[in-house]
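The values are calculated or read from the model by the stated rules, or taken from the named source; none is laboratory data. From a predicted model like this one, the values you see are computed outputs, not experimental measurements. Cβ placement follows ideal geometry from the backbone for every residue including glycine, while neighbour counts extend to all protein chains displayed. Note: accessible area is taken over every heavy atom of the protein model, side chains too, but ligands, DNA and RNA are not part of it. Shrake-Rupley method; radii C 1.70, N 1.55, O 1.52, S 1.80 Å.
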Amino acid sequence: MNSKFIVAAVALSFASASAQASLVISQWNFNSITPDNNTGSGITTPNIGNGTASVIGGVTQAFASGTASGGSSDPALTDNSGWQTTTYAAQSAGDKTRGVQFNVSTLGFSDISIRYDVRHSNTSARHQQVQYSLDGINFIDSTLFTATAGDTWFNGRSVDFSNIAGVANNANFAFRIVSAFAPGTSTYLPSNPASSYGAGGTLRFDMVTVTGVPVPAAFWMMASGLIGMVCVRRRHTAAHSAI
Ligand SMILES: [Ca+2]
Ligand SMILES: [Ca+2]
């Protein structure tokens, strides 16, 4: 079979896969599995799919209302918890080192996106940096979000990773949401302009969701096989040209 024909066939199958609707790969709503009428209790295991949620850099965790202060987008009518985090860095220290991390395998999915809700307390950091990792170890800056008020939920913050090579079909995909200095400075600004930044400020997460377009395993096998085949063919052609 002509390799150009295979390239076209794979491109076509990829295009048709991309046209499919995104599905939720993993989601965290942080609610107790069995509602217990206590938003101070919850879980950090996903309510949909698989993955891990952890605090990083010395941040501490608890659960608190996902409904108060305007509320998250969680449709739960009762016992809606958010993942409460605090013990952030002291002023002018630890830029982008404290926050939360989610590890989610994207094997079998393309066009990965994430979205999340977060409540900024008045004294929490105004700037929140999303970072992603392809190996689960090294993290790269992506979108920087800015709060415009304190004691307020910012729902549906989203990042589209569909154009980042290596995010799709990756067992080691991970992302972090960390507090950041104001751009170009060494200072955390408070979420509420009338407040002062404090390490005891809280960031409360909810509805952390990873979505992607399911792609058949056969596609990835075909794609990797094709790459190998084209490489061999190029070497073969180059060898002939050299003769
Ligand atoms: Ca509960
Ligand atoms: Ca919730």
Roll a 1.4 Å probe over the protein chains and send me the accessible area per residue for segment 3-242 in Å².
-> 46 Å²
Counting only residues 5 or more apart in sequence or on a different chain, those whose built amide H sits under 5 Å from that of PHE181 are LYS96
Using +1 at the Cβ of each Lys and Arg and -1 at the Cβ of each Asp and Glu in segment 3-242, identify which of ILE164, SER22, VAL208 lies farthest towards the dipole's positive end.
-> ILE164
Please work out, to two decimal places, the log10 of the ratio I(q)/I(0) at q = 0.10, 0.14 Å⁻¹ from a Debye calculation in which every Cα of segment 3-242 carries one identical scatterer.
-> -0.54, -0.89
Could you please state how large a percent of the accessible area of segment 3-242 is carbon and sulfur, counting protein chains only and using a 1.4 Å probe?
-> 58 percent
